[in-house]
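Student: Quick one: the structure is below, and I'll ask about it shortly.
The values are calculated or read from the model by the stated rules, or taken from the named source; none is laboratory data. Since the structure is predicted, the reported quantities are computational estimates derived from the model, not experimental observations. Cβ placement follows ideal geometry from the backbone for every residue including glycine, while neighbour counts extend to all protein chains displayed.
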Amino acid sequence: MRSLPDSNIKNIVIIGGGTAGWMAAAAMAKLINHPNINITLIESEVIGTVGVGEATIPHIRSFNHLLGLHEDDFVRKTNATFKLGIEFVDWDKLGKSYIHPFGPYGVPMNGVRFHHYWLRQKHGGSRVSVDDYNLQVMAAKAGKFSRPQNIPNSPLSTIEYAFHFDASLYAKFMREFSENLGVKRIEGKVCDVKQVPETGFIESVVLENNEIIEGELFIDCSGFRGLLIEQTLKTGYDDWSSVLPCNKAVAQASKRKNAPLPYTRATAKSAGWQWRIPLQSRTGNGHIYCSDYMSDSKALETLIDGMDTDAIGSPKFLNFTTGKRKKIWNKNVIALGLAAGFMEPLESTSIHLIQTAIARLMTNFPDKNFNEADINYFNDRSLLEYEQVRDFLILHYKATKRDDSEFWNYCRTMTIPESLKERMAIFKENARLYRHDNELFGDASWFSVFNGQGIEPARYHPNANIMSEDEFNSRMSSIQTTWSACLKSMTSHERFIEQLCSSEM
């Protein structure tokens with residue numbers, strides 16, 4: 001390899017391990033592997049990691065592909081199962097549920113999104129559920145799974161999926177990968193941070209044993225405390241708790257029950273919601289709640305009552321404030337994971353936000369000059385991404401008919417951002433959905449929540465009326481028949497895992 005210019009960054013220091021730290025280490029070790037570049041990760045077993053999320057969205061497969069991971073091996077070593085979407089129970093009203101799938105509904109026709117044709121069908125008196133036009137929803141309900149198959153023009157070729165996995169095992173998996181590529185891990189606790197007096201840039205960190213670790217670029221993965229980004233640089237925090245009021249969580253593992261389902265479940269409770277994440281050997285459970293409306297003891301009681309198997313181990317409580325740092329990149333520090341911000345795991349976006357921040361960093365990777373325009377671009381795009389995810393999460397709370405508790409009365413009547421207010425108004429009028437700035441959640445995602453939580457548009461796209469009645473009925477029937485045939489060809493989720501990637505746990 002050629003030697004690097006003096007302007008290149010050669011010493012990268014990551015503060016904190018866990019999912020964020022080891023994902024960053026793995027990506028950088030893979031993409032900027034050079035004998036003159038040193039990547040050091042400092043973590044303390046005493047401090048540990050939070051690891052609140054074990055569910056992901058399909059984009060993680062791109063990250064795994066970038067690293068060159070073998071998927072079956074990855075699933076085995078992380079005790080993983082497959083995920084086709086998220087079931088939301090009791091969000092619109094008690095007794096009602098729906099699934100937000102990863103895949104599309106039906107197929108567009110004549111340049112018009114499929115959901116407009118389904119609305120035409122519904123307005124005509126049909127009682128066929130839109131779920132019957134979504135292969136991921138059908139498979140989730142049937143407990144089936146398949147990877148995409150190379151069959152042209154078949155819904156089997158467009159299957160999108162993600163994973164449920166053990167976050168601690170995932171971090172261990174990423175650590176092994178990183179260390180094999182030369183990442184140096186140091187066990188220790190940072191007790192002091194040294195800054196350059198003239199610029200305020202971080203120069204080094206000092207460990208409890210007085211070892212000094214110097215660096216030019218620092219990645220802060222120290223969790224909520226934000227050791228560098230906040231405690232040292234005083235970056236500030238955008239608090240979004242007025243629109244996402246939950247501020248506590250309690251997590252509790254439980255025994256496995258029957259075959260693991262290929263989807264996450266989020267059940268709305270009186271002051272928040274409860275997650276259920278099936279792994280191969282156990283089930284992950286947790287209760288996100290607002291302390292203004294529920295005590296810790298009641299939250300734990302609610303969680304235990306909502307579990308369908310006996311608990312394993314002790315419950316783990318967590319405090320948080322929904323929002324993000326005012327700057328995720330400040331001087332020579334980039335914050336990742338909980339150090340950057342917290343968006344509750346309602347739509348499993350936590351790991352995705354780590355992944356996109358890493359991708360954005362690699363695109364705008366600095367030299368020792370730390371170009372301010374690059375930093376500003378990184379921060380602007382990060383803010384937009386967080387705001388887009390925020391709005392999608394708020395929709396779940398705002399679009400509810402529940403009035404059985406003070407919490408839901410607050411959520412139903414709270415003032416929401418103008419950006420979300422506009423989306424809701426447009427959909428209510430004519431069922432139109434839009435996607436801009438390459439945002440994470442597309443038309444199918446927004447439609448699934450709007451429709452699932454009872455928002456019925458007054459009209460649909462007028463061009464959906466152009467097709468003749470006979471052709472319309474024939475096409476809709478053909479889609480249903482094709483989707484049903486595809487479902488029959490799929491194997492059970494449990495059998496798929498047993499045959500290809502069963503964990504030894």
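Student: Which of the following residues is closer than 21 Å to PRO278 by Cα and touching a strand residue (DSSP E or B) at 6+ places or on another chain (Cβ under 8 Å): ASP296, ASP308?
Tutor: Every option except ASP308 fails the conditions.
Student: Here's another thing I want to ask about it. The conditions are (1) among the aliphatic types (A, V, I, L, M); (2) in contact with a His (Cβ under 9 Å, 6 or more places away or on another chain); (3) crowded, with 21+ Cβ neighbours inside 10 Å, and VAL183 fails exactly one of them. Which is it?
Tutor: Failing condition for VAL183: (2).
Student: Only one of these conditions is not met by SER405: (1) in the same structural domain as LEU94 (by TED's automatic domain parsing); (2) closer than 24 Å to LYS324 by Cα; (3) in contact with a Ser or Thr (Cβ under 9 Å, 6 or more places away or on another chain). Which number is it?
Tutor: Only one criterion in (1) in the same structural domain as LEU94 (by TED's automatic domain parsing); (2) closer than 24 Å to LYS324 by Cα; (3) in contact with a Ser or Thr (Cβ under 9 Å, 6 or more places away or on another chain) is unmet by SER405, namely (2).
Student: Could you list, in sequence order, all residues of region 171-200 that are under 18 Å from GLY223 (Cα atoms) and in a loop (DSSP other than H, G, I, E, B)?
Tutor: Matches in region 171-200: GLY188, LYS189.
Student: Given the structure, is TYR133 of a type in the set (Ser, Thr, Tyr), touching a strand residue (DSSP E or B) at 6+ places or on another chain (Cβ under 7 Å) and assigned by TED's automatic domain parsing to the domain that holds TYR263?
Tutor: no
Student: Now, a different point. For region 370-478, which helices (runs of 4 or more DSSP H) that fit wholly inside it have 2 or more residues that are surrounded by fewer than 18 Cβ atoms within 10 Å (Cβ to Cβ)?
Tutor: Correct list: 372-398, 406-413, 418-430.
Student: Shifting gears a bit: Can you run down the residue pairs with Cβ atoms below 6 Å, 6 or more apart or on separate chains, where the first is in region 152-163 and closer than 15 Å to GLN480 by Cα and the partner is of a type outside the set (Phe, Trp, Tyr)?
Tutor: Close Cβ pairs (under 6 Å, with a partner that is of a type outside the set (Phe, Trp, Tyr)) amount to PRO155/LEU135; PRO155/CYS486; LEU156/GLN149; LEU156/CYS486.
Student: Residue check: is THR235 hydroxyl-bearing (Ser, Thr, Tyr), at pLDDT 95 or above, surrounded by 17 or more Cβ atoms within 10 Å (Cβ to Cβ) and not in a strand (DSSP E or B)?
Tutor: Details: hydroxyl-bearing (Ser, Thr, Tyr): yes; at pLDDT 95 or above: yes; surrounded by 17 or more Cβ atoms within 10 Å (Cβ to Cβ): yes; not in a strand (DSSP E or B): yes.
Answer is yes for this residue.
Student: Identify the single condition in (1) touching a residue at least 60 places away in the same chain (Cβ under 8 Å); (2) not assigned by TED's automatic domain parsing to the domain that holds GLY21 that ILE358 does not satisfy, given that it satisfies every other one.
Tutor: Single failed check for ILE358: (2).
Table: residues versus (1) at pLDDT 95 or above; (2) among the small types (Gly, Ala, Ser); (3) part of a loop (DSSP other than H, G, I, E, B); (4) within 28 Å of ALA399 (Cα to Cα).
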| residue | (1), (2), (3), (4) |
| --- | --- |
| ARG265 | yes, no, no, yes |
| HIS287 | yes, no, no, yes |
| ASP292 | yes, no, yes, yes |
| GLU301 | yes, no, no, yes |
| ASP305 | yes, no, no, yes |
| THR321 | yes, no, yes, yes |
| LEU346 | yes, no, no, yes |
| ALA359 | yes, yes, no, no |
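Student: Restricting to region 215-234, name every residue that is over 24 Å from the mean Cα position of the chain (by Cα) and either outside the structural domain of ILE42 (by TED's automatic domain parsing) or of a type in the set (Lys, Arg) (or both).
Tutor: LYS234
Student: Still on this structure: Inspect region 472-481 for any residue being within 18 Å of LYS141 (Cβ to Cβ) and either touching a residue at least 60 places away in the same chain (Cβ under 8 Å) or acidic (Asp, Glu) (or both) and give the result as yes or no.
Tutor: Looking through region 472-481, at least one residue is within 18 Å of LYS141 (Cβ to Cβ) and either touching a residue at least 60 places away in the same chain (Cβ under 8 Å) or acidic (Asp, Glu) (or both).
Matching residues to (1) over 22 Å from GLU208 (Cβ atoms); (2) part of a helix (DSSP H, G or I); (3) modelled with pLDDT of 90 or more:
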position: ILE9; (1), (2), (3): yes, no, yes
position: GLY21; (1), (2), (3): no, yes, yes
position: ALA27; (1), (2), (3): yes, yes, yes
position: ASN33; (1), (2), (3): yes, no, yes
position: ILE42; (1), (2), (3): no, no, yes
position: GLU45; (1), (2), (3): no, no, no
position: PRO58; (1), (2), (3): yes, no, yes
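Student: Looking at (1) surrounded by fewer than 21 Cβ atoms within 10 Å (Cβ to Cβ); (2) in a loop (DSSP other than H, G, I, E, B); (3) in contact with a helix residue (DSSP H, G or I) (Cβ under 9 Å, 6 or more places away or on another chain), which is the one condition that is false for ASP72?
Tutor: Against the list (1) surrounded by fewer than 21 Cβ atoms within 10 Å (Cβ to Cβ); (2) in a loop (DSSP other than H, G, I, E, B); (3) in contact with a helix residue (DSSP H, G or I) (Cβ under 9 Å, 6 or more places away or on another chain), ASP72 comes up short only on (2).
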